[in-house]
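Okay, so here's the structure we're looking at.
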Amino acid sequence: MTRIWNDYKAAVIAVLALIVILLMSVVIVPETQQAVVIRTGEPVRVANTFDPDDRYGQTGSGIIARIPIIERVQMVDKRILDLDMEGETVLSNDQQRLEVNAYARMRIFDPVLFVEAAGNETQLRNQLEPILTSVLRQELGRRSFASLLTPERGEAMTNIRTALDRQARQYGAEVLDVRIKRADLPQGTPLQAAFTRMQSDRQEEAETIRAGGRRDAQIIRAEADAEAAQIYAEAFNKDPEFYDFYRAMQSYRTTFMNGDSESSVILSPDNEYLRQFRGRR
């Protein structure tokens, strides 16, 4: 046995070295990864790049070759990545302090730029997380708390996604979506104070509306009285005698209806009241 080993030792060592070299020369690329081949610190080619039209099982995944020692392979995720922002305090346009939790969805579309600019997924998240926080604060700072409960919230999310995507593309990534998971007022006294302030604002708004209604009603009433007076004046000018008779009747009604039932009214024979009863002479 020793003799055989001595006779074939060199050949066995050569075969083992060849196997090791072959193993070092190939890399298995999974379906979910993009492989960036780096030679002396510079990316030279990419295998299994992301293509939205590729069907599962028909991508460039599998075995790829590399030059041992000279080249290395870095895997870059093809799947959608998460970027979370937890418990950030944001001041809204109406001076409300909000506790906001948000997240973003992104994908690496340029693995070469990603490797050169970010290096790995952790570094990418570290770069984009403060940008997400800053953009979200700026956008929500231009809006009221109530607007986040309306369709206007969708417009805010679109603006945030656009601004974050502009920064993410510098690292070879694209932002697919941004959403707010939660936007609440702080618990305790600030929350109660906010509710009290909102209630006062609504009461003030309601009082303003009521005051406007009373003002409009007075204007309408005055215009109606003026129009009625004009109509009466036009009617009375057409028949002055009837107008005198009408005024006398109005005076009778005021005198007798407002007077004491036990009172007596003494009139002279030539009084204007009696003249109206007898007819003007």
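Just so it is clear, none of the values below were taken in a lab; they were calculated from the coordinates. What you are looking at is a predicted structure, and each value in this text was computed from that prediction instead of being measured. Please note: Cβ atoms are built from the backbone with ideal geometry, for glycine as well, and neighbour counts cover all protein chains shown.
What order do you get for TYR243, TYR232 when you list them from fewest to most C-beta neighbours inside 10 Å? Please report the intermediate quantities before stating the final value.
On the way: TYR243 15, TYR232 12.
The order, fewest Cβ neighbours first, is TYR232, TYR243.
Among ALA146, VAL100, ILE180, whose Cα sits farthest toward the positive end of the charge dipole of the range 81-190 (+1 at Cβ of Lys/Arg, -1 at Cβ of Asp/Glu, about the Cα centre)?
ALA146
For a quick protection proxy, order the peptides 172-179, 149-156 by their average other-Cβ count within 10 Å, most packed first.
On the way: 172-179: 18.6, 149-156: 12.1.
Peptide ranking by packing, descending: 172-179, 149-156.
For ILE13, ILE180, which order do you get if you count the other beta carbons within 10 Å of each Cβ and list the fewest first?
Working: ILE13 10, ILE180 19.
Taking fewest neighbouring Cβ atoms as first place, the list is ILE13, ILE180.
Apply 1/(1 + (r/R0)^6) to the Cβ-Cβ distance of THR133 and GLU207, taking R0 = 41 Å, and write down the FRET efficiency to the nearest 0.05.
On the way: r = 40 Å, r/R0 = 0.97.
Taking R0 as 41 Å, the efficiency between THR133 and GLU207 is 0.55.
Give, rounded to the nearest 20 debye, the magnitude of the charge dipole that the range 81-190 has about its Cα centre when Lys and Arg contribute +1 at Cβ and Asp and Glu contribute -1 at Cβ.
Computed about the Cα centre, the dipole is about 220 debye.
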